[in-house]
Amino acid sequence: MIEKELVIIGGGPAGYAAGLYAARADINSVLIERGMPGGQAAATEWIENYPGFPGGIGGIDLALKMDEQARSFGLEVMTADVEQIEQQGKEFVVSTSQETIKTKTIILACGSKPQFLGVDGEQKFHGRGVSYCATCDGAFFRDKTVAVVGGGDAAVEEALFLTKFAAKVYIIHRRGELRATKLIQKRAMSNEKITFIWHSVVEDVLGENQVEAVRIKDVRTGELSQVAVDGVFIYVGTAANSDLVKDKVEMDARGYILANEKMETSITGLYVAGDIRQKPLRQVVTAVADGAIAAMEVEKYLASLED
Ligand code: NAP
């Protein structure tokens, strides 16, 4: 069994910021990520609201820079799946697909995952026209017609991204007003390829072998209709990746973990950072701030154990 002072779980912006600060504070730590660095930020084509990059920066590019920067200060990065977290007295045992690690502290930075719409055809056509990642799958829909479901930042930004490929993009939203940031709204409203379908919910995704249409319902009148589309991109919010600590730590109904401004959770020694915690603004800029705070609080906590 490996022994560490800190295990950071998740290699998105929050995890990497925590790793950078922990490495610079000379904390014996490891960051565990199951796949590519960057988390949801890396699945974002272009990020233009992270300070320091006038004109914006690609999500993957930003993630790779964060990885490089943290490693340059000596952060150890392990590629593995975390399977279990167990508390043993004041310490934790983290079981992964590679190693078992005993650690004094943990920063959970596992982020969030797309929320499912919950209609019949959604699972059936996942990967056959239903997608949760325009950056990954948008290019398959060159000159086609697609629908984006949702009215938040993710839905509207990704609809704009899809106009690079698709001939026509519907945004289907359940209200008559978008939740997305005003600037993004304006861009979408003035894009000729985007058509809004307001006050409507998707009742089903239809097709033979792949998506051919969506059945929608006007929530004001109850009227049902079909819209012919080749693809459906679902952006109806997110849920926390907090299963590892379910029933162990305090969280809200959607699994977002409750923490104070020091990123401390209801378990001593367990900290959170980024999208996994209950917070008012989920952005790269707030994720990295959480990560830095969590790492600095870990440093203080470790020092207190030595007193
Ligand atoms: P979000 O802000 O929670 O928006 C979810 C959207 O989906 C809302 O418009 C909501 O409608 C709709 N919705 C929810 N459940 C639905 C259902 N069952 N059927 C139909 N529509 C449904 O989620 P998000 O857009 O994924 O963004 C998540 C977080 O990441 C946010 O904090 C966001 O600001 C951030 N983000 C930021 C950027 C950026 O700054 N560039 C980009 C992406 C994401 P209502 O409006 O009626 O509730």
Checklist entry - Between the stretch 279-307 and the stretch 180-210, what is the C-alpha centre distance in whole Å? => result 38 Å
Next on the checklist: Can you give me the % of accessible surface on the chain that is carbon or sulfur? Probe 1.4 Å, all protein chains present, nothing else counted.
Outcome noted: 47 percent
Checklist outcome for this item: Candidate cut points under GluC sites (Glu not before Pro) in the stretch 218-307, DSSP loop plus at most 15 other Cβ atoms within 10 Å of their own Cβ, are E223, E250, E261
Checklist entry - Could you give the Stokes-Einstein D for the stretch 230-306 in µm² per second, using the C-alpha Kirkwood radius, 4 °C, 1.567 mPa s? => result 95 µm²/s
Item to check | Selection from L62, A17, L244 lying farthest towards where the dipole of the chain points positive, charges on Cβ | outcome: L62
Checklist outcome for this item: Mean separation of Cα contacts under 8 Å (at least 6 apart) over the residue count of the chain, i.e. the relative contact order in percent, is 21 percent
Checklist entry - Given springs between every Cα pair under 10 Å in a Gaussian network model of the chain, which of I216, I106, I60 has the largest fluctuation? => result I216
Item to check | Straight-distance crosslink candidates among lysines, where the alpha carbon sits under 23 Å from K186 and sequence neighbours closer than 8 are dropped | outcome: K164, K168
Next on the checklist: Give me, ordered by chain and number, the residues 5 or more places off Q278 or on other chains with an amide H under 5 Å from its own placed amide H.
Outcome noted: I257, L258, A259
Next on the checklist: Under 25 °C and 0.890 mPa s, how fast does the chain diffuse according to Stokes-Einstein, given a Kirkwood radius computed over C-alpha pairs? Answer in µm²/s, whole number.
Outcome noted: 119 µm²/s
Checklist entry - Where is the GNM fluctuation largest for the chain (alpha-carbon springs, 10 angstrom cutoff): I293, I197, I32? => result I197
Checklist entry - Which value, to two decimals, describes the C-alpha radius of gyration of the stretch 116-234 once divided by 2.2 N^0.38 Å? => result 0.96
Next on the checklist: What lysines does K279 reach when the alpha-carbon gap must be under 25 Å and sequence neighbours fewer than 8 apart in one chain are set aside?
Outcome noted: K113, K182, K246, K248, K262, K300
Item to check | Per residue accessible area of the chain, 1.4 Å probe, in Å² | outcome: 49 Å²
Next on the checklist: With a cut-off of 8 Å between alpha carbons and a minimum separation of six or more residues, what is the relative contact order of the stretch 116-234 in percent?
Outcome noted: 31 percent
Checklist outcome for this item: What helix-only [θ] at 222 nm does the chain give? Using -39500 (n - 2.57) per DSSP H run of at least 4, over all residues, to the nearest 500, the answer is -7500 deg cm²/dmol
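The values are calculated or read from the model by the stated rules, or taken from the named source; none is laboratory data. Note that the coordinates shown come from a computational prediction; the quantities given were computed from them, not determined experimentally. Note: ideal-geometry Cβ built from the backbone for every residue, glycine included; neighbour counts use all protein chains shown. Side chains included, ligands, DNA and RNA excluded: accessible areas come from the protein's heavy atoms. Shrake-Rupley method; radii C 1.70, N 1.55, O 1.52, S 1.80 Å.
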